[in-house]
Amino acid sequence: MSKLSRHEAMEKLVAESSTDQLFEKPLGQWRLALRRFRGRKSGMVGLFLIASLILVAVFAPLIAPYDPNEDLIGEQDVRRYQEPCIHLLGCDRDQPQHLMGIDGNVRDYFSRIVYGSRVSLQLGFFTVTLALVVGSAIGAVSGYLGGWFDNIVMRFMDVILGFPALLLAIAIVAVLGPGLRNALIAIAIVTLPGYARVMRAQVLAIKESDYVAASQALGASPMQILVRRVVPNAMTPLVVLATLGIATAILEAAGLSFLGLGAQPPLAEWGSMLADYRNQVFTAPHLVFYPGLAIMITVLGFNLMGDGLRDALDPTLNR
Amino acid sequence: MLSYLMRRVLLAIPVLIGIVLVVFLLLRAIPGDPCTAMLGERATEEACERFNEANGLDEPVIVQLGIYMKNVVTFDLGESVRFSRPVNQLLIERLPLTTELALTALAIAVLVGVPLGVLAARRHNTFVDTGTMALANIGVSMPVFWLGLMLAYVFALVLKDTPFALPPSGRLSAGLSSVPYYEAWGWQLTEGSFWSKFHEYIGNHYIFNNLITGNWEVFWDAVKHMILPAVALATIPLSIIARITRSALLEVMSKDYIRTARAKGVSEWSVVRSHAFRNALLPVVTIVGLQLGALLGGAVLTETVFNLGGVGRALFDAITGRDYAVVQGFTVVVAGVYVIVNLLVDLSYAYLDPRIRLE
C-alpha cells in the first residue's frame, strides 16, 4: 500500500463514497436486530416453521382433503382406527388416500390435524396477548406508583408464581368451567406475573432516567410518559418473553385439553385428540403420534424463534 | 449468615399464607356445591343439609377460613368427602409415589442435563454443540403426555419380548407386593400413633423400602415401573438444565480469571472443574429449583398417562370433584414443598457465592 498523507486519504475516501452513503441514516434498532436475526440459523428455522404453520392454518380448507368433522362412513370403504394409507408409500391405489389414517369416529385424521393448527395458533396468540396486555399494564402501573400498592400487587404475583403453573390453571378452569376460552383465560392468569415483573423492572429503571425527567419538565402527563417513553423501551424483553410465552401457552393448553378441561369435542384440537385416543395407543398408535408431533413442531417453532429474537434484540449477548 | 437465613424464612411465610388463602377462595368460587358433586344431582335438600353440617360447610365462609387456618397450622388437614378418610392418610398413601417420581426425574435431569451442557460448552460451535442444543430444543417442546404414551408404545409393545421391555402402567407387577420394612423387621408399632404413621409413610416409598429390606425382586420391579414415567417427566427439565449449564459455562469461560488460570499453566480439566464450574453453578441451581414446580405440574399428566395414583392425579380428581379438604390439604403440602425448595435454593446461593453471604 502506498503511503498516503492523511489529507490524501481523506480525499480518496470522500471521492470513493457517494454522497448518499455519507449521509445515510444509521440503521435503526429494529433494522439492526433484523440483520442479526437473519444470521441466526435456529431463529430462521423457527420462523420458517411458524410461517409454514400459519400458511397451513390460513389455507386449511384447501389443504385438508375432507371436512374435519365429516363422518366418512357409508361414503368410503374405511373402518375406525384405520392405519394411514399413502399412495406414494405403496398403499393400494384403489384405496382412498388418508395420510394420517382414520380416527375413532371415521373421520380423516389428516384433515383434523390440519384444522387443529388453527385452534392452537389462535389459542397461543390470544393467550399471550391477554397476558401481555394485562400483565404489562399491572407491572407499569405498579412500578410507576410504587409504595404500598406496588408491594401488594407484587406479593400477589409471588403467590401466583408460588403454585406449579399447571395446577393453578387446573384450579382456575375448575372455577370457570371447562372449555377452550376458559383454558385460555386460566393460562393467561398463571403466566401474567412474568410480564408484570419485566414491565415493572423496566418502568423502575426508566423512571429515573434523564429523558423522562426532561419530558416531565416539558409538562408531559404520566400517561404520555408511560406510553411514549416507557413502553417502547420495555418492548424488547416483552417481545422475547411473548414469543416464548406462545410456546408455553400452546403446551399448557394441550395439557389442559388432554385432561379434558380445554377444548371439547368435536373441535379438532391436538391435545384433546391425543386424549381421545390415548387408550388406543397400542392398537392405533398413529392417532396418538400425529397430534403430539404437531404440538411439538409448533412449540419448537416458537421456542426457536423466541431464542433467535432474544439473541438479536439483546446485543450484549453477542460475543 | 443467620440473619440472611432468618430473612429468607420470614419472607416465605406471607407467600405461603397467600397460597392457602387463594386456594381456599378459589374453591369456594367453583360453581356447584360439593353436596351435589358427592351425593349426585338428585340429592334432597335434607340430605344436603346433613352433609354440609357433617363437613362444616354450613358455617359462614369466614368462619370456615378461620377453622381451616387453625387446622393447617396443627397439621389437621380434614377429611376427604369422597373417600371418607382423613387427608393425612391419603397423603401418606399417595405422596411417596410422587416424591419418588419427582426425585427420580430430577436426578435423571441433573445427571444427564449438566454433563450434556458442559459437553456442549466445551465443544462450543462444533457439531456436538449444535446437535446437543437441537436435541435440547426438541426436548423442551415435547408434550409430557405425548412422550409418555410414545415411550409406553415403544417399550411395552415394540420391544415387548426383548430385555428392554418396560411396563407401561402401575407401580408394581400383579402378584408382587411391597412389604414395609417395619413389618419385615418385625417392629411393634402402636396403631394410629404418630410414629406408626411416619413409618407407614416412609415404607410407602417402594424403591427405598425394598432397597433397605433387600427385597431385590420387588425393588427391581418398582424401579422398572418408575423408568418410563420418570424419563417422560425428566425430558423438559433435562433440556432446560442442559441449556442453562451450557450458557452459564460459556459466560464464565470468557472471564479474565479463567485466562489467568490458564496462563498459570493449570490443566484444562482443572480450569473447567474448579475455576469455571463452581461459578457457573449458580444459575444452574436456580433453574433446578424452579423446575420442581414444573415437575409437580407435570406429575399430574405423567400420573394420568401411566395410571399412577400419586398426589398429582389425586389433586386433579379432587379439584374436578370439588373435594375441598383434599384440594386444600394437598395444595398446602405441594406449595409448602415448593416454597421450602426455593428457600434451599436461596441458601445454596449463600454457600456457592460468598458475596451473598456477606451482604
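Here are the numbers:
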quantity	calculated
Of the DSSP H helices in chain B, those whose Cα atoms cover at least 30 Å axially and whose Kyte score averages -0.5 or more	B:2-29, B:87-122, B:216-253, B:278-305, B:324-352
Helix-only mean residue ellipticity at 222 nm for chain A, each DSSP H run of n ≥ 4 adding -39500 (n - 2.57), per residue, nearest 500	-22000 deg cm²/dmol
Shielding by other protein chains, B:293-301, mean Cβ within 10 Å	5
Accessible surface of the protein assembly as shown [probe 1.4 Å, protein heavy atoms]: carbon and sulfur percent	63 percent
Where chymotrypsin sites (Phe, Trp or Tyr not before Pro) fall in DSSP loop in the range B:226-295, at most 15 other Cβ within 10 Å	none
For A:167-179, mean number of other protein chain Cβ atoms within 10 Å	6
Which of B:Ala174, B:Trp146, B:Val110, positive extreme of dipole for the range B:80-181 (C-beta unit charges)	B:Ala174
1.4 Å probe accessible area per residue over the range B:62-110, in Å²	48 Å²
Residue (of B:Asn71, B:Val271, B:Thr98) at the positive-pole extreme of chain B, dipole from beta-carbon charges	B:Val271
DSSP loop trypsin sites (Lys or Arg not before Pro) with at most 12 other Cβ within 10 Å excluded, longest remaining stretch of chain B	B:43-159
Threshold 20 Å² - residues in the range B:145-160 whose accessible area is reduced by that much or more when the chain is no longer isolated, probe 1.4 Å	B:Phe145, B:Trp146, B:Leu149, B:Met150, B:Tyr153, B:Leu157
Choice from A:Ser215, A:Ser52, A:Ser142 showing the highest fluctuation, given a GNM over chain A with Cα pairs closer than 10 Å	A:Ser215
Using a Förster distance of 56 Å, the FRET efficiency for B:Arg28-B:Phe127 (Cβ separation, nearest 0.05)	0.50
Most mobile listed residue (B:Gly131, B:Gly298, B:Gly321) in chain B, GNM with C-alpha springs under 10 Å	B:Gly131
Buried solvent-accessible surface, both chains (B, A), 1.4 Å probe, Å² to nearest 100	3600 Å²
Sum of -39500 (n - 2.57) over DSSP H runs of 4+, divided by residues of chain B (222 nm, nearest 500)	-23500 deg cm²/dmol
Approximate spin-label separation B:Leu5-A:Val227, in nm, with each point projected 7 Å along Cα-to-Cβ	5.3 nm
Per-residue average of Cβ from other chains inside 10 Å of B:19-25	3
Dipole in debye (nearest 20) - the range B:207-359, about Cα centre, beta carbon charges: Lys, Arg +1; Asp, Glu -1	700 debye
Check: the range A:128-213 dipole with +1 on Lys, Arg Cβ and -1 on Asp, Glu Cβ, in debye	200 debye
Heavy-atom surface of chain A, accessible at 1.4 Å and reported per residue (Å²)	52 Å²
Candidates B:Ser196, B:Ser239, B:Ser178, ranked by Gaussian network fluctuation over chain B, Cα under 10 Å, top entry	B:Ser196
Rounded Å value of the spacing that divides the Cα centres of the range A:145-188 and the range A:241-319	21 Å
C-alpha center-to-center spacing [the range A:114-136, the range B:276-304] in angstrom	26 Å
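The values are calculated or read from the model by the stated rules, or taken from the named source; none is laboratory data. In this text the structure is predicted, and so the values were computed from the model without any measurement. Methodologically, a virtual Cβ is constructed for each residue, glycine included, from the backbone with ideal geometry; neighbour enumeration extends over all protein chains shown. When the accessible area is computed, the model is the full protein with side chains, heavy atoms only, and any ligands, DNA or RNA have been set aside. Shrake-Rupley method; radii C 1.70, N 1.55, O 1.52, S 1.80 Å.
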